[in-house]
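K.L.:
I have a structure here, written as structure tokens, and I will follow up with some questions on it.
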């Protein structure tokens, strides 16, 4: 796909305002998604520069990378009460591409510091929820401009070095998607606020007051997308909530840049607390607090199960003032299902991107493929040729590499063990890769295996790395294979795709796999949902399916109050059906 095509995937869009019929009047009103008397800017997606050799954006990014490299190790901090706090203990995060080099050192917040951060947030709560929505929205709109302007290349450079992303993956994440979340969440919040009762009786007025939750929201963000941290905090904050933000230990520095940008944009200092350190220590304090009111989480399914269980115990013990809201997007074991009528060349390219972009470290990454016997040789030949052309390298030293390192030593060892096991498995055929090199950085070569049964372990365990499993099914078993697709995946149901030209087959797959994926794609890879266009989330063990990139998730962080007002006196208490009283 050409660079211009890539850019067009994220071209700015304009959305027409909705026409709404007021039942009380036979008139059509044109309304934007805003609260009277203000109108927000129309929703749009941030366009992407191409970063071609010699381009202005490429030069600026190279300068930012050189500057950041010269500053290593960069310092990260715990922030509460609006300032960096000292801590007796700290952890180092190594560069994924050079594990002997420390990327950043960050403090471990103590239990006392975590509690102090919560207290500071709660102290700011009343003032923040009383802040008019338009003023809250203005902060995040300004932050979006800082993200895409003043700090664009700093954010991308931090994400490339700290998370091992290449230029394109850094651009679409740390610049474009982060700005999209900041901007579009404002529109989604306004969309919620304008949802008011449309029916009523003469002399009465009913209205909804969208209150924030009564305590604080605990947001836990992952390592793999800088933008996701921005979304996990901006969604509840826009609705008037205060937030305790615990970033992944492998995405502290880039997250701190996001936090500093929000402060520069005008966010009051205690609305969001930036608390780094041992996840267990911070979580123990947060989930034991009476004012814990909501969890906004992205991470592994197993971690979420543990958190959900602890919250359930707290509810049973009446630890909390209210029933906490729980929002989560977790793991995926995502599939490509190829039909005999598929455009094989396109399916191959989609599979390479879906499986190996960012080293397979997207929750939506393609990790299992179902191939028809009649097209298997064609598909596998194309896949092997494509994988052979994949380049790997250090993100800031080999700017044109397609793949980089996996995030850290634990991930490397996990994927390495799966590759070692699979290489020895007689029921598994190695198609490509199958090796790795951890001597300098955490590099795993793109690996493809063919298995002899769709029940194989490789079709059910989340790997979160560049390992793809393929199963070849007899063409005549297309319909029964649909059931096998649904039953595999380790109970996860995040994303999936069907590739076919036959509309009957597409319809059959769409219907049979209705609960197999929260995001289902037709002739398109399982990754790269675009904010505002493809809202994102999975069910089953993949999360609560509160669609990120829509108003759905913001609604979870409000507690509406219905207010009814009457403008006439009540002159009696009996109804016409009652007997007259003499």
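K.L.:
Volume per residue, Å³, of the convex hull around the alpha-carbon atoms of region 334-522?
P.N.:
Cα-based convex hull of region 334-522, divided per residue, equals 106 Å³.
K.L.:
Shifting gears a bit: Across bins of 10 angstrom width beginning at 0, how are the C-alpha pair distances of region 499-571 distributed, in whole percent?
P.N.:
Percent of Cα pairs in each bin: 16, 32, 24, 11, 9, 7, 2.
K.L.:
Moving on. Counting each pair of different Cα atoms once, what's the Kirkwood radius of region 105-153 in Å, rounded to one decimal?
P.N.:
So the Kirkwood estimate lands at 13.5 Å.
K.L.:
On a 0 to 90° scale, report how tilted helix 252-264 is relative to the longest principal axis of the chain, with both axes built from alpha carbons and the result rounded to the nearest 10.
P.N.:
30
K.L.:
Could you state the number of Å between the C-alpha centres of region 55-134 and region 264-319?
P.N.:
With region 264-319 and region 55-134 each reduced to a Cα centre, they are spaced 18 Å.
K.L.:
So if the hydrodynamic radius of region 451-524 is defined as the Kirkwood radius over C-alpha pairs, what does Stokes-Einstein give as its diffusion coefficient at 20 °C and 1.002 mPa s, in µm² per second? Walk me through the numbers on the way to the answer.
P.N.:
Numbers: Rh = 13.0 Å.
Reported coefficient: 164 µm²/s.
K.L.:
Still on this structure: Take the alpha carbon atoms of region 116-274, find their radius of gyration, then divide it by 2.2 N^0.38 Å using N residues; give the quotient.
P.N.:
On the way: Rg = 17.0 Å, N = 159, 2.2 N^0.38 = 15.1 Å.
Dividing the Cα Rg of region 116-274 by 2.2 N^0.38 Å gives 1.12.
K.L.:
Also, I was wondering about something else. Please list log₁₀ I(q)/I(0) at q = 0.09, 0.21 Å⁻¹ for region 65-190, using the Debye equation with identical point scatterers on the alpha-carbon positions.
P.N.:
Taking Cα atoms of region 65-190 as identical point scatterers yields -0.36, -1.18.
K.L.:
Which value, in nm² and rounded to one decimal, describes the direction-averaged projected area of the C-alpha convex hull of region 194-313?
P.N.:
Working: hull surface 40.2 nm².
Dividing the Cα hull surface by four gives the mean projection, 10.0 nm².
K.L.:
So if the hydrodynamic radius of region 396-468 is defined as the Kirkwood radius over C-alpha pairs, what does Stokes-Einstein give as its diffusion coefficient at 10 °C and 1.306 mPa s, in µm² per second?
P.N.:
Translational diffusion coefficient: 122 µm²/s.
K.L.:
How large is the Kirkwood hydrodynamic radius of region 135-226, counting all unique pairs of alpha carbons, in Å? Could the numbers behind the result be given before it?
P.N.:
Details: mean 1/r = 0.0628 Å⁻¹.
Value: 15.9 Å, from the Cα pair sum.
K.L.:
Turning to a different aspect of this structure: If you restrict to DSSP beta bridges whose two residues both lie in the chain, what percentage is antiparallel, to the nearest 5?
P.N.:
The antiparallel fraction comes to roughly 45 percent.
K.L.:
How would you rank 182, 379, 223, going from fewest to most other Cβ atoms within 10 Å of each one's own Cβ?
P.N.:
Ordered by Cβ neighbours within 10 Å, fewest first: 379, 223, 182.
K.L.:
Further question on the same structure: Taking the Cα atoms only, what angle lies between the long axis of helix 478-487 and the longest principal axis of the chain, rounded to 10 degrees?
P.N.:
It is inclined by approximately 60 degrees.
K.L.:
Rg and Dmax in Å for region 443-491, alpha carbons only: what are they?
P.N.:
So, for region 443-491, Rg and Dmax equal 12.0, 40 Å respectively.
K.L.:
Can you tell me the relative contact order of region 334-522? Whole percent, Cα pairs under 8 Å, sequence separation 6 or more.
P.N.:
28 percent.
K.L.:
Still on this structure: Which order results if 348, 74 are arranged by neighbouring Cβ count within 10 Å, fewest first? Present the calculation step by step, with values, prior to reporting the outcome.
P.N.:
On the way: 348 24, 74 19.
Fewest-to-most Cβ neighbours within 10 Å comes out as 74, 348.
K.L.:
Report the Cα-based extents of region 313-436 along its three principal axes, largest first, to the nearest Å.
P.N.:
Result for region 313-436: principal-axis Cα extents of 60, 41, 33 Å.
K.L.:
OK, next. Report, to one decimal in Å, the Kirkwood hydrodynamic radius for the chain based on all distinct Cα pairs.
P.N.:
Value: 25.4 Å, from the Cα pair sum.
K.L.:
Which whole-number percent gives the relative contact order of the chain, counting Cα pairs below 8 Å spaced six or more residues apart?
P.N.:
16
K.L.:
Moving on. For region 512-570 and region 146-212, compute the distance between their C-alpha centroids and round to whole Å.
P.N.:
14
K.L.:
Tilt of helix 178-193 relative to the longest C-alpha principal axis of the chain, in degrees (0 to 90, nearest 10)?
P.N.:
Compared with the principal axis, the helix lies near 30 degrees.
Any read-out appearing in this document is the output of simple, stated calculations on the displayed coordinates, not a laboratory observation. All values derive from a computational prediction rather than experimental measurement. Here the Cβ is made from the backbone with ideal geometry for all residues, glycine too, and neighbour counts use every protein chain on show.
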